[in-house]
Amino acid sequence: MSNLVEIRWHARGGQGAKTASTLLAEAALSAGKYVQGFPEYGPERMGAPILAFNRIGDEPITIHSNVDNPDVVMVLDPSLIGPVNVAEGLKDGGVIIVNTDLDPVTVKQKLGVPGNFTVATVDASGIAVATIGRDIPNTPMIGALLKLREFLPFESFMERMRHDLERKFQGRQAIIEGNLSAMRRAYQEVKQA
């Protein structure tokens, strides 16, 4: 399938991976893309490791399963590196984006897996605390993703995201602006090796 981007999110319950995959899918859908955005359901609880997935493409998507061979891996909680093989199945030339204040070279060494892939880091938690007031790194991670895999033009995406956030957080302008600011900062601050 041409131009299909597959994304796997690794997080802990409560960090917003499910919400991020849904927001990303909704924004891509409103931009005319074909999308999927869904979590892997199981015995999730606050703080337990969870997975969420996205597929975004220019043609209808006929695959109906978890993303086993992602183009992009999003790691919202760096403590999952080690206990979980976050690089498992990553396509050759893929990208792993990690929420951490460590540099990408250090994170690539911590991953300890061979392969032709890019590691990028962004302090999504720090950005979230500064812009939203809480350590919910999901929207900053979306900003970092769009910098490294611009399957949608950033400014168009931000307009769509504003609309979606206004619908989700009606009358809560500080949350809307905080999330938009978080995405913009992460887009600017993400580093790659």
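Residues in the stretch 64-78 that are in a loop (DSSP other than H, G, I, E, B), touching a strand residue (DSSP E or B) at 6+ places or on another chain (Cβ under 7 Å) and of a type outside the set (S, T, N, Q): VAL67, PRO70, ASP71, LEU76, ASP77.
Is it fair to say ILE63 is open to solvent by 30 Å² or more (accessible area, probe 1.4 Å) and in contact with a helix residue (DSSP H, G or I) (Cβ under 6 Å, 6 or more places away or on another chain)? No. Of all the criteria given as (1) β-branched (Val, Ile, Thr); (2) over 19 Å from LYS18 (Cα atoms); (3) touching a strand residue (DSSP E or B) at 6+ places or on another chain (Cβ under 7 Å), the one not satisfied by VAL98 is (2).
Among the residues of the stretch 31-49, just one is open to solvent by less than 30 Å² (accessible area, probe 1.4 Å) and modelled with pLDDT under 90, namely ALA48.
Out of all the residues in the stretch 1-40, which are part of a helix (DSSP H, G or I) and of a type in the set (Gly, Ala, Ser)?
Here is the first cut: in the stretch 1-40, the ones part of a helix (DSSP H, G or I) are 17-30.
Answer for the stretch 1-40, where residues must be part of a helix (DSSP H, G or I) and of a type in the set (Gly, Ala, Ser): ALA17, ALA20, SER21, ALA25, ALA27, ALA28, SER30.
Can you spot a residue in the stretch 16-30 that is open to solvent by less than 30 Å² (accessible area, probe 1.4 Å) and more than 19 Å from ARG160 (Cβ to Cβ)? Yes, the stretch 16-30 contains at least one residue that is open to solvent by less than 30 Å² (accessible area, probe 1.4 Å) and more than 19 Å from ARG160 (Cβ to Cβ).
The values are calculated or read from the model by the stated rules, or taken from the named source; none is laboratory data. Note that the structure is a prediction, hence the values are computed from the model and not measured. Every residue, glycine among them, receives a Cβ derived from its backbone with ideal geometry; neighbour counts consider all protein chains shown. Keep in mind that these areas ignore ligands, DNA and RNA; they rest on the heavy atoms of the full protein, side chains included. Shrake-Rupley method; radii C 1.70, N 1.55, O 1.52, S 1.80 Å.
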